[in-house]
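What follows is a short report on a single structure.
We did not get these values from a lab; they are worked out from the coordinates using the rules stated. Predicted, not measured: the structure shown is a model, and the values here were computed from it. With ideal geometry, Cβ positions are generated from the backbone for all residues, glycine too; neighbour counts draw on all protein chains shown.
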Amino acid sequence: MKVLASREDSVKTSLKERIRGSKNMDNEIALALELIKSAGPRTISKGIEEWNTEDGLILFRGRIYVLKDQDLRREIVWQHHDPPAAGHPGEWKTVERVQRDFWWPGMTVFIKEYVKGCAICQASKNQPNRAKIPVVPILADVHALPFQVVSTDFITDLSLSKGFDSILVFIDHDVSKGVVFAPCHKNITVVQTADLYKDQIFCNFQGDDWADLLPAAEFAHNSTVHSSTKKAPFDLIMGYIPRSLPKVLEDSTLPAISQRLKRLEDIKKDTITSHQLAAQVMARKRPKMSKKYQKGDKVWLEAKNLATTHLSVKLAP
């Protein structure tokens, strides 16, 4: 425990010092900082009232302003996109993750370009040009509780990991879209499936050690904003989002239980509306036309029918 705390403090301190010590400060930000220092926090003139300082850092709307240091900005995006606990989310999900704590002009474009250039994402994720069947959304029960209504899926025929060859996925259908991953066997029975549902299992996958790595995949999914609810599953289930990275600036107070319960109720009302809108959008979606390629274009090759050195086809790019 002491080693973990020391490492987190080291990461937090290192990032804070890099942001604070950046030499590429914008002229207008330097001016805003001087105005803040002379007028006092939150008492400066109109137009700069959204800026503040804390512990030597510049804040914009409560988020840390990252100065014009491309390497620093790239490292911050990497921390919120590449590690196992981040799970290589898509463009807008990565933007949302970074925006929880940081801000800089043009960050949305910067982050989207980073994700587009991620080779792991390009090689591993589903191709958008595959044939699509019509989607018939299942409407959510507005009175459901988290994981009261679940959908399930099996990921089978994986390479053996701790004796398991499959993953059972439980999805909170009606409320949070949160997931629970459980390593299992392809020939699992109905009774065994029901028993697994009662367990709380954390997991992540890769190669032949995916059973050990399944927790980070589950954490990454549940801490990332879902496209239909516009909220992270953790936020809907528990009222807050556990962090995989230490905060650069620590919160000084904790919300009261009554405030947290009220926030959960407000979030649930918003989520119901988001569910309904998402269902309407899914019903209207039509398959996109395939992109036309020219001679000489570089493309990703579908490796489904290729013989590779990977232990499992489903875990290979």
Taking every pair of alpha-carbon atoms in the stretch 62-126, give the share separated by more than 14 Å as a whole percent. 53
Residue separation between Thr193 and Leu301 times 0.36 nm, minus their alpha-carbon distance, gives in nm 35.3 nm
Approximate spin-label separation His143-Asp71, in nm, with each point projected 7 Å along Cα-to-Cβ: 6.0
Lys and Arg at +1, Asp and Glu at -1: neighbours of Arg74 with Cβ under 14 Å from its Cβ sum to 0
